[in-house]
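None of the figures in this text is laboratory data; all of them are computed from the coordinates on show. Because the structure is a prediction, the values reported are computed rather than measured. Backbone-built Cβ (ideal geometry, glycine too); neighbour counts: all protein chains shown.
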Amino acid sequence: MNGILPLWKPSGLTSHDCVVKVRKIAGTKKVGHTGTLDPDVEGVLPLCIGQATKLVPFLTDTQKTYEAVVSLGTATETEDATGEVIAEAEVPSLSDRDIQNVLKTFTGEITQVPPMYSAVKVGGRRLYEYAREGIEVERPERQVTIHELAWSERLSENTFKIRVLCSKGTYIRTLCADIGKALGLPAHMKSLKRLGTGDFQEKDCVRLEDLNKEIIKETLLPMQRAVPHLPEWKVSEKEAAMIKNGERFYVPEGWVSGNIHSAVFENEILALYQDHPEKEGIIKPLRVLVSNE
């Protein structure tokens, strides 16, 4: 059983909880998730099964689509609805246009400071470990890209919904808090859904409560769905047999130097290849996903 299971993670479970449940249902330990979702967040969580677990780092690196609700007037220590309130302010009358104009300033490459309640490591420890001990440490700034930030709807005087297409590593709760700051107000993320990860969308997903072994087999998507962003190297039958043995090759026609390529034979991904770091004109396997065994 090798492929991608597009799971809709329910709120109330960690990403690892989902992995454990699918391991039991599928009858295999080779299951890995492709980007942690907080327990209170629901949404698209592609799981890699079997040989597809070798592709986890490449699927994690893809763009994400989120739907979030921004709540104005209160800031929390965690920047979401689970934390203690640390600041409050009366929310003045703001038009939809006022908010939309501020949203425009957050598109493109922006700088974020990870929240204290996050898994980012500083000095060998997770930030949330410091936070739980009441220790404030300097947090490194990071550059992330907001490809799209769209106004969705006004829910109340103090809350509104946004849709975000962003690069990996983006903290949506920090984005919500920063939108509030740009409006001159404390704010936090009231709720969050992940609507897409790379090539996987909500419409592709199955629910955890519906799963059994047969449904997993029927739903499992081919491994190449994990890496549509990588250029393809279409190989011959002879080359396919050599790839299964982990062979190196001279740079093939159409190869784009500096890129990782997926080696594909008859619409099946066999391996990922890259430039040899020491031998010019040679390519070598980065991950071999099938073998002659």
Reachable aspartates and glutamates from Lys64, Cα under 14 Å, same-chain residues fewer than 8 places away excluded? Glu42, Glu148, Asp199, Glu202
Determine the distance separating the Cα centre of the range 263-280 from the Cα centre of the range 208-248; give it in Å without decimals. 13
Over all pairs of different Cα atoms in the range 41-107, the reciprocal of the mean inverse distance gives a Kirkwood radius in Å of 15.9
Rank the residues Tyr250, Tyr273, Tyr117, Tyr128 as a footprinting-exposure proxy: fewest other Cβ atoms within 10 Å of their Cβ go first. Tyr250, Tyr128, Tyr117, Tyr273
Given a Förster radius of 45 Å and the C-beta distance between Glu148 and Lys213 as r, what FRET efficiency does 1/(1 + (r/R0)^6) yield to the nearest 0.05? 0.75
Using a ≥ b ≥ c from the Cα gyration tensor of the range 184-227 (square roots of the eigenvalues), is it rounded, prolate or oblate, where a/c under 1.5 gives rounded and otherwise the larger of a/b and b/c decides, a/b for prolate? oblate
Starting from 0.36 nm per residue, how many nanometres of slack lie between Glu109 and Ala182 once their C-alpha separation is accounted for? 24.7 nm
Too-long pairs where the Cα-Cα distance tops 26 Å, listed order kept, from Lys9/Lys284; Lys21/Lys121; Lys54/Lys104; Lys168/Lys213; Lys238/Lys279: Lys9/Lys284; Lys21/Lys121; Lys54/Lys104; Lys168/Lys213
Would you list Asp210, Asp199 from fewest to most Cβ contacts within 10 Å? Asp210, Asp199
Which FRET efficiency value, to the nearest 0.05, is calculated for Glu202 and Asp61 with the Förster distance at 22 angstrom and r the Cβ-Cβ distance? 0.60
Thinking of the range 109-223 as a set of Cα atoms, what percent of all their pairs are more than 16 Å apart? 71
Let me have the relative contact order for the chain, percent, based on Cα pairs under 8 Å that are six or more residues apart. 22
